[in-house]
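The values are calculated or read from the model by the stated rules, or taken from the named source; none is laboratory data. Note that this is a predicted model, so its numbers are computed, not measured. Cβ atoms come from the backbone with ideal geometry, glycine included; neighbour counts cover every protein chain shown.
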Amino acid sequence: MDPYAYIREQIIASVGALADAGIVPSNMDFANLAVEAPRDPSHGDVATNAALVLTKQAGMKPRDIAAPLAERLAGLEHVTAADIAGPGFINLRLSDDFWRARLGDVLAAGPGYGDSTQANGAKINVEYVSANPTGPLHVGHVRGAVYGDVLANLLSKVGYDVCKEYYINDAGSQVDELARSVHLRYREALGEDIGAMPEGLYPGDYLIPVGQAIAARDGDDWLNRAETEWLAEFRSFSVDAMMDLVRADLASLGIEQDVFFSEEGLHNEGGITSGVDSLAGKGLIYTGVLEPPKGKTPEDWEPRPQTLFKASEFGDDVDRPLKKSDGAWTYFAADVAYHHDKLQRGYLQMVDVLGADHGGYVKRLKAVVKALSDDQGSLDVRLCQMVRLLRGGEVVVMSKRAGNFVTLRELVEEVGRDVVRFMMLTRKNDAPLDFDFDAAREQSKDNPVFYVQYAHARICSVLRRVADELPELAVEPENLAGADLARLTDSAEIDLIKQMAAWPRAVEAAAQAREPHRIAFYLNELASSFHALWNKGNAEPNLRFIMAADQPTTQARLALIKGVAFVLASGLAIIGVEPAETM
């Protein structure tokens, strides 16, 4: 049970009873009625703005609604006090028995606690990473990769049918430069001294084995041919090789995407024309000349008649060109076609995770989806700021192996997958983030992933000790669910249950806001409360988890910490981190 949703239902029912009694009008709208934890816990367990949001509809002063409503709420079974605060907020205190019953909910659900049907199986496409297929993923890709993957897990948790997608940018000029770079490595593999890599090509050593692979397969077949003969083959081979590398990089981070969508496929299969034709069929394409922009001139502006999309009718600042002066499609035309394809696949809800340097694309992409879907689809574009790596207080800018960037694989190999995933969620996605190698290895409360993992490991340690010291005591979840939870009487124990009971609401709120960092923050706070209770037991022996002379109390406290372990495991699963059993 979500206690906040339950209390909201009780408030609505109570307002209905007041309406039946003629105290307030009937048939009021409760859409803006909120129930949440007060900022100051001393004010109570839950607070509601019911009287404030109903005052206009009722034609009554907030306190004239709050007084009879608070009186009625005070009479509910689990409410021990209902107080009016400020202009008409109502603060409620709930009985300890009510909160103990919520621990029973946690134990019954296990790691599935917090699962929700909020989205009711709606389809949603989450596209993330989508790096150019020109080399291994580097640290600049890590944050978007983690954010997108954890967001997809979070959306699944609340009942979405999620497709995790990677868009392969394999149709641009950068892929031609990749092919030319590999051709040089191919010549090198055949014994030629190629010297320094020419300006504009890719110098990384990661292309050496690609050139060697083509040489091993084809020998010198391509050596003396014109570029027009070998370019297409080298493009295809190189992109495949780079995507194998990308998939391996993602796997090292624990990411497996469902769809890898090729931009080149859009071009080859007429997808660009199909997407643009869809806009044309709606009367949204015309030929015109754009006004010169103020300030910096964008690359897609030309002082000539162009084929334009009426993006400004859908919230964009200006209309957008779809063709270049040479008749070729613009990059934006490919974006139109790609999002048209998503809609054709049934994804009316989409999330695009982009780098912070793509901020200028947000309005035009939203305009396209709005236009193509007749305002039935929605696109949420999330921007991820870059990550700055620190070591010993100094900024890390070089990589021993790559020579010019730090690879994703290097980061994972040095500190571990779990650390990377969790640490990337220690700030909101659009805020700058420093990744400190020293802090990532530190085993203290200042390292959030260690702190959360340590809480789970400590709980597992207690359960192992019980098995040794009290082998006759049943500690399986089904046994703990039957423990005498009334023995949990200390305020710290009850507060810990209250935190766990807030988990389902925290999950739904994080999913709705598209903010998976909230999950990491919640877990850190829950771990902190658990560690505080552990320390309290060290100072006060009567609060220790294992009381050999009092097995009923021991079983109740084991139920409490097993609940904490379940919630930690539930949250870590969203983040993609394995709960530690020993440390």
(request) Answer yes or no as to whether ARG458 is among the charged types (D, E, K, R), within 16 Å of LEU526 (Cα to Cα) and either without any contact (Cβ under 8 Å) to a residue 24 or more places away in the chain or surrounded by 13 or more Cβ atoms within 10 Å (Cβ to Cβ) (or both). (result) yes
(message) Criterion first (within 30 Å of HIS141 (Cβ to Cβ), more than 26 Å from the chain's Cα centre (by Cα), of a type in the set (Ser, Thr, Tyr) and at pLDDT below 90) does THR330 satisfy it?
(response) no
(request) Would you point out the residue of region 283-302, among those that are at pLDDT below 95, β-branched (Val, Ile, Thr) and more than 35 Å from the chain's Cα centre (by Cα), that is nearest to TRP329 (Cα to Cα)? (result) THR287
(request) Can you run down the residue pairs with Cβ atoms below 8 Å, 6 or more apart or on separate chains, where the first is in region 320-347 and in contact (Cβ under 8 Å) with a residue 60 or more places away in the chain and within 20 Å of LYS123 (Cα to Cα) and the partner is of a type in the set (S, T, N, Q) and crowded, with 23+ Cβ neighbours inside 10 Å? (result) LYS342/ASN125; ARG345/ASN125; TYR347/ASN125
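For region 405-453, name all the residues that are under 30 Å from TYR202 (Cα atoms) and assigned to a helix (DSSP H, G or I). Write out each step before concluding.
Step one: of region 405-453, the residues under 30 Å from TYR202 (Cα atoms) are 405-417, 420-421, 424, 429-430, 432-437.
Within region 405-453, LEU408, ARG409, GLU410, LEU411, VAL412, GLU413, GLU414, VAL415, ARG417, VAL420, ARG421, PHE437 meet the criteria.
Residues checked against (1) part of a helix (DSSP H, G or I); (2) farther than 30 Å from VAL381 by Cα:
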site	(1), (2)
ASP495	yes, yes
VAL507	yes, no
ALA520	yes, no
LEU526	yes, yes
ALA549	no, yes
GLN555	yes, yes
ALA559	yes, yes
VAL564	yes, yes
VAL567	yes, no
(request) List the helices (runs of 4 or more DSSP H) that sit entirely inside region 194-282 and contain at least 1 residues that are among the aliphatic types (A, V, I, L, M), surrounded by fewer than 13 Cβ atoms within 10 Å (Cβ to Cβ) and more than 31 Å from the chain's Cα centre (by Cα). (result) 208-218, 227-252
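Out of SER173, SER156, report the one residue that is farther than 26 Å from THR426 by Cβ and free of Cβ contacts under 8 Å to residues at least 40 places away in the same chain.
Numbers: SER156 fails: farther than 26 Å from THR426 by Cβ.
SER173 is the lone residue from the list that is farther than 26 Å from THR426 by Cβ and free of Cβ contacts under 8 Å to residues at least 40 places away in the same chain.
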(request) Select the helices (runs of 4 or more DSSP H) contained entirely in region 1-77, then report the ones holding at least 2 residues which are polar (S, T, N, Q), more than 38 Å from the chain's Cα centre (by Cα) and surrounded by 15 or more Cβ atoms within 10 Å (Cβ to Cβ). (result) none
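Kindly establish whether ARG464 is of a type in the set (Lys, Arg) and farther than 16 Å from LEU558 by Cα.
On the way: of a type in the set (Lys, Arg): yes; farther than 16 Å from LEU558 by Cα: no.
The answer is no for ARG464.
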(message) For region 454-490, which positions are part of a helix (DSSP H, G or I), of a type in the set (A, V, I, L, M, F, W, C) and over 34 Å from the mean Cα position of the chain (by Cα)?
(response) VAL466, ALA467, LEU485, ALA486
(message) Anything in region 1-57 that is touching a residue at least 12 places away in the same chain (Cβ under 8 Å) and of a type in the set (Gly, Ala, Ser)? List them, or say none.
(response) ALA5, SER14, ALA17, ALA34, ALA37, GLY44, ALA47, ALA50, ALA51
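From the list ARG421, ARG388, ARG364, which residue is under 22 Å from the mean Cα position of the chain (by Cα) and either β-branched (Val, Ile, Thr) or crowded, with 16+ Cβ neighbours inside 10 Å (or both)? Don't jump to the end; show me each part of the working.
Working: ARG388 fails: either β-branched (Val, Ile, Thr) or crowded, with 16+ Cβ neighbours inside 10 Å (or both); ARG364 fails: under 22 Å from the mean Cα position of the chain (by Cα).
One residue alone meets the criteria, ARG421.
Quick check on LEU558: is it under 22 Å from the mean Cα position of the chain (by Cα) and either under 15 Å from HIS456 (Cβ atoms) or among the aromatic types (Phe, Trp, Tyr) (or both)? Break it down stepwise before answering.
Values: under 22 Å from the mean Cα position of the chain (by Cα): no; either under 15 Å from HIS456 (Cβ atoms) or among the aromatic types (Phe, Trp, Tyr) (or both): yes.
When the stated conditions are applied, LEU558 does not pass them.
Just checking: which of the strands (runs of 3 or more DSSP E) contained wholly in region 333-395 hold 1 or more residues that are within 23 Å of LEU137 (Cα to Cα) and of a type in the set (Gly, Ala, Ser)?
Of the strands (runs of 3 or more DSSP E) lying wholly inside region 333-395, those with at least 1 residues that are within 23 Å of LEU137 (Cα to Cα) and of a type in the set (Gly, Ala, Ser) span 349-355.
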